[in-house]
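The values are calculated or read from the model by the stated rules, or taken from the named source; none is laboratory data. A quick note: this is a predicted structure, and the numbers were derived from the prediction, not measured. So basically every Cβ, Gly included, is an ideal-geometry build from the backbone, and we count neighbours across all protein chains shown. SASA here: full protein model, heavy atoms, side chains in, ligands and nucleic acids out. Shrake-Rupley method; radii C 1.70, N 1.55, O 1.52, S 1.80 Å.
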Amino acid sequence: MPSLTEWKVPFAFQPRPSEYKFDLDHVLASVVGLHAIIPSDAFSAETLGTERAGNAVVIDDGLVLTIGYLITEAESVWLHLNDGRVIEGHVLGFDFATGFGLVQALGRLDLEPLPLGSSAATRVGEQVVLGGAGGRTRSVASQIVAKQEFAGYWEYLLDEAIFTLPAHPNWGGTGLISAKGELICIGSLQLERERDGRSEHVNMVVPIDLLKPVMDDLRRFGRVNKPARPWLGMYSTEIDDRVVIIGVSSNGPAARAELKAGDVILGINGDKVTGQSDFYRKLWALGSAGVDVPLTVHHEGVTFDVTVASTDRAKLLKGPRLH
């Protein structure tokens, strides 16, 4: 089993214990490394790869929280502790709506769980730590630079995501730690934004408040125990308030309906689409997975209507707990 790669955050960006009112090293010990192996024939292997590495945070006895794409369809998961131990883990489940994933350690971690704070109570400008596995040398002294809606190209929407700067170079599953030493977010993405005429990289992190309503279901059922949202298997972006398809999942509903890159979604169920977030909300308002989705599409000067038979994306994934 490969070990996690050796690297360090530049010293200037590392957190310093004297700048925090909590025991920084003790808190960062609860952030572990995660390494997952995914079968080559898994649905997500083409887009996410068959070997994924990132971070995870201990939040209960033997229970670690990470970002779901690291463990989607994983056949084996390993947790790398800061003292050099490597412990096998079992995927409990993940939630498509929030992006959170849960793993149960199959051996003793002997690590104190990180208490969950309130992401809603955070403020722009607040000083935080984006903790990675390996302690201070793999963590970033950061600050919250924005709290705003985020629409992802993979049919994903957060009403209020949190964005931090400077960015963590190995952001997946990192723990955003508040001034109280509490876990307030989990790292998801690195994005580029323009500010004052120059580009800068920020991390998008998922607010921990979104975990609390789904935690029990994830532990018991492997997913949220309610009807799944309709999924089209469509990758899109927003250009001038228009939703443009940039790709489709093979064997997904959009592919079966012969939608393709370059198509522009003008309307859904007879209503005009005014942007990516608007599109997702109107899609999910049609009902649960399996509902027919009437779209108005524009392609190379031609406008046409097509009905896409949505599905539950979990049905395409490997794993007995996640059907």
- Task: Take the Cα atoms of the stretch 1-62, find their three principal axes, and give me the spread along each one in whole Å, biggest first.
- Result: 49, 31, 21
- Item | Accessible area per residue, Å², the stretch 1-106 with all protein chains present, probe 1.4 Å | 44
- Given H placed 1.01 Å from N in the peptide plane, which residues other than close sequence neighbours of C185 have an amide H under 5 Å from its amide H? L176, I208
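Which translational diffusion coefficient, to the nearest whole µm²/s, is obtained for the stretch 233-294 from the Stokes-Einstein equation, given a Kirkwood hydrodynamic radius over C-alpha pairs, 10 °C and 1.306 mPa s?
Reported coefficient: 134 µm²/s.
If I compute solvent accessible area with a 1.4 Å probe over the protein chains, what percent of it on the chain is carbon and sulfur?
The computed percentage sits at 50.
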- Within the under-14-Å Cβ sphere about P253, not counting P253, Lys/Arg +1 and Asp/Glu -1 give a net charge of 0
- What the Cα atoms of the stretch 10-123 span along the principal axes, largest first and in whole Å, is 49, 33, 30
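Out of all Cα-Cα pairs in the stretch 177-310, roughly what percent, to the nearest whole number, are more than 25 Å apart? Walk me through the numbers on the way to the answer.
Details: 3860 of 8911 pairs.
Within the stretch 177-310, distances greater than 25 Å cover 43 percent of Cα pairs.
Given R₀ = 25 Å, what would the calculated FRET efficiency be for V302 paired with D240, taking r from the Cβ atoms and rounding to 0.05? Please report the intermediate quantities before stating the final value.
Values: r = 19 Å, r/R0 = 0.78.
The calculated FRET efficiency here is 0.80.
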- From the residues L130, S288, I87, which one has its Cα farthest along the dipole of the chain in the positive direction, the dipole being from +1 and -1 charges on Cβ of Lys/Arg and Asp/Glu about the Cα centre? I87
- Task: Provide the net charge surrounding R242, with neighbours chosen by a C-beta distance below 13 Å and charges set as Lys +1, Arg +1, Asp -1, Glu -1.
- Result: -4
- Query: What list of whole percents do you get for P(r) of the stretch 112-162, with Cα-Cα distances grouped in 5 Å bins up to the one holding the largest distance?
  - Reply: 5, 15, 18, 22, 20, 15, 5, 0
- In whole Hz, the Karplus estimates of ³J(HN,Hα) for the stretch 129-136 (6.51, -1.76, 1.60; θ = phi - 60°; x where Gly or Pro) are 10, 9, x, x, 5, x, x, 4
- In Å, descending, principal axis extents of the Cα set of the stretch 211-254: 40, 26, 13
- Message: Past the 28 angstrom mark, what percentage of all C-alpha to C-alpha distances in the chain do you count?
- Response: 42
- Give, in nm to one decimal, the length gained when the segment between V124 and R281 is fully stretched (0.36 nm per residue of separation minus the Cα-Cα distance). 53.9 nm
- Item | Nonlocal amide H pairs with S76, under 5 Å, H built at 1.01 Å | I37
- For D61 and S18, compute 0.36 nm times the residue count separating them, minus their Cα-Cα distance, and round to one decimal in nm. 12.6 nm
- Query: What net charge is computed for the residues neighbouring R229, neighbours being all others with C-beta under 14 Å from the C-beta of R229, Lys and Arg scored +1, Asp and Glu -1?
  - Reply: +3
- Taking placed amide H atoms and a strict 5 Å upper bound, the residues 5 or more places from G222 or on another chain that come that close are none
- Query: Dividing the convex hull volume of the alpha carbon atoms of the stretch 135-202 by its residue count, what do you get in Å³ per residue?
  - Reply: 109
- Extension gain from L317 to L106, taking 0.36 nm per residue of separation minus the Cα-Cα distance: 73.7 nm
- Task: Calculate the dipole size of the stretch 189-232 relative to its Cα centre from +1 charges on Lys and Arg beta carbons and -1 charges on Asp and Glu beta carbons; express the result in debye to the nearest 20.
- Result: 340
- Debye sum, Cα scatterers, the stretch 44-201, no solvent: what log₁₀ I/I(0) at q = 0.09, 0.12, 0.19 1/Å? -0.29, -0.52, -1.32
